[in-house]
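Novice: Once you've had a glance at the structure underneath, I'll fire off some questions.
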Amino acid sequence: MRLYLSSFRMGDKPEQLLALIGASGRGPGGAASVAVVANAMDDQPAHERPAGVEREFAALAGLGLRPTELDLRDWFDRPAEAVRAALSGFDAVWLRGGNVFMLRHALARSGADVALTALLREDALVCAGYSAGPCVLAPSLDGLELCDDRDAVPRIYGEAAVTEGLGLLDFAFVPHVDSPAHPGTAQVGRVAAGYRAAGTPHVALRDGQVLVVDAEGLHGPM
């Protein structure tokens, strides 16, 4: 399994992401293809979402990668094989930050939670991203309601929020800790404090730091 998990945006070790993906991809001229999943932004005003996606495109293209948006809403209530086939066409998936409960809902409703988990365990692609993206890989999302709006899911979709994570990590991921430039640093500080008090395994990262998982195991925070 190959993971590049950043506290905020690309982080300070983009060369580690490129190393995980490898020298050649499936795109034109060998450019590695990246599926940008921005469904953590689905509770934001519609005019803000395209700008957020374009920011990810620019960062990934700046590394020589070939990003394409994969909007999981296009796979809602379709057979899981459909989204697995879509994901299988990429060298990597980039899970953008935002509301972790919105992202988790989109993964569940599209079947991408099962498909992505299987593809990662098969080492068929790289999973990368920041903030809500890595958070959703934990065993549970409990506690993250202190920083993300869990009620956005029932408000928008009329369904209860899923609080079970994908379980690809055996600890909770807490971004933006001790990062005064990030507006949510106080809230995630309370999340980390709650995990410490409860004895919940977790890793807290400052903005700029990343975790990397490769064939040799977990590296970081770095």
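The values are calculated or read from the model by the stated rules, or taken from the named source; none is laboratory data. The structure presented is a predicted model; accordingly, all values stated were derived computationally and were not measured. In this analysis, Cβ positions are derived from the backbone assuming ideal geometry, glycine residues included, and neighbour counts consider all displayed protein chains. Heads up: the accessible areas ignore ligands, DNA and RNA and are worked out on the full protein's heavy atoms, side chains in. Shrake-Rupley method; radii C 1.70, N 1.55, O 1.52, S 1.80 Å.
Novice: Could you check, for the stretch 161-178, whether at least one of its residues is closer than 25 Å to ASP71 by Cα, out of contact with any strand residue (DSSP E or B) (no Cβ under 8 Å at 6 or more places or on another chain) and open to solvent by 40 Å² or more (accessible area, probe 1.4 Å)?
Specialist: Checked against the condition, which is being closer than 25 Å to ASP71 by Cα, out of contact with any strand residue (DSSP E or B) (no Cβ under 8 Å at 6 or more places or on another chain) and open to solvent by 40 Å² or more (accessible area, probe 1.4 Å), the stretch 161-178 yields at least one hit.
Novice: Write out, first by first residue and then by second, each pair whose Cβ atoms fall under 7 Å of each other, whose residues are 6+ apart or on separate chains, and whose first residue, in the stretch 89-113, is touching a residue at least 24 places away in the same chain (Cβ under 8 Å) and under 17 Å from PHE76 (Cα atoms) while the second is assigned to a helix (DSSP H, G or I) and of a type in the set (D, E, K, R).
Specialist: Filtered contacts from the stretch 89-113: ALA106/ARG73; LEU107/ASP113.
Novice: Condition first: among the charged types (D, E, K, R) and at pLDDT 95 or above. Now tell me which residues in the stretch 1-42 satisfy that.
Specialist: ARG2, ARG9, ASP12, LYS13, GLU15, ASP42
Novice: Right, next: Search the stretch 43-65 for residues that are closer than 23 Å to ASP91 by Cα and pair each with any residue that is open to solvent by 50 Å² or more (accessible area, probe 1.4 Å) and assigned to a loop (DSSP other than H, G, I, E, B) when their beta-carbon atoms are under 7 Å apart and the residues are at least 6 apart or on different chains.
Specialist: Pairs found: ALA59/ARG9.
Novice: Is it true that some residue in the stretch 180-202 is touching a Gly at 6+ places or on another chain (Cβ under 7 Å), of a type in the set (Gly, Ala, Ser) and modelled with pLDDT of 95 or more?
Specialist: The answer is yes; a qualifying residue exists.
Novice: Ok, one more. Answer yes or no: is there a residue in the stretch 162-173 that is β-branched (Val, Ile, Thr), in contact (Cβ under 8 Å) with a residue 60 or more places away in the chain and under 25 Å from LYS13 (Cα atoms).
Specialist: no
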